[in-house]
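The values are calculated or read from the model by the stated rules, or taken from the named source; none is laboratory data. The structure displayed is predicted, hence computed values, not measured ones. We work out accessible area using only protein heavy atoms, side chains counted, and drop any ligands, DNA or RNA first. Shrake-Rupley method; radii C 1.70, N 1.55, O 1.52, S 1.80 Å.
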Amino acid sequence: MDEEGWYSVTPEVIAYDTAERIAQLYNSKDESKYGRFTVIDAFCGVGGNAIQFAEWCEHVIAIDIDPTRLAIAKNNAEVYGVSDRIEFILGDFYQLAPMLQAQVVFMSPPWGGPEYLESSVYDLDKMPFHTAQEWVDRAQLISPNIVYFMPRNCNPRELADLCPESSCDIEMNYMGTFFKSITVYYGDLALYGSSRPRRIEI
């Protein structure tokens, strides 16, 4: 894994927690169809989230615009033994979205480097490449069931307002006593799971 990959990858315990919550919704509907759903990882990076999704479902579409990062993700998937369930695509999720099909879209877009913590409240309109609203609107072309992995200094009300017609559950990810990040669930995913702060032990 390269230096940027180590910086940007979702901690494995958080990735596992997210994958498990998604799986609980879909796998509870019909046991005969266990795992038969597709998750898109719109910014897969080195594959941390895509690998965890592949442990729970039969098809993951992992997208990244960086060929080096995508190659690392492919290698990591092979190490974890899940490469047969992940379809890797080199490209821009924003451009690809109208052509994709899946039950869930997971997004962990670039936050703008470590400078994002310099603000007391993260500005959703100043994300790199596109605003937070533009990313969500793009994901909604595929599915109303969206997971957004975001900085801990986001305003929860602003996150909820990204999908005003949708249910929303905002999960605060703690690693021990450290407030690490926020995971936002929209659509049916918001109605299934815990809305209390979750402490993830390391």
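Quick one: with all protein chains in place, what share of the accessible area of the range 51-202 is carbon or sulfur, to the nearest percent (1.4 Å probe)?
Of all accessible area on the range 51-202, carbon and sulfur atoms account for 50 percent.
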Worksheet item: Among rounded, prolate and oblate, which fits the range 32-99 when a ≥ b ≥ c are the square roots of the eigenvalues of its C-alpha gyration tensor, a/c under 1.5 means rounded, and a/b larger than b/c means prolate?
Response: oblate
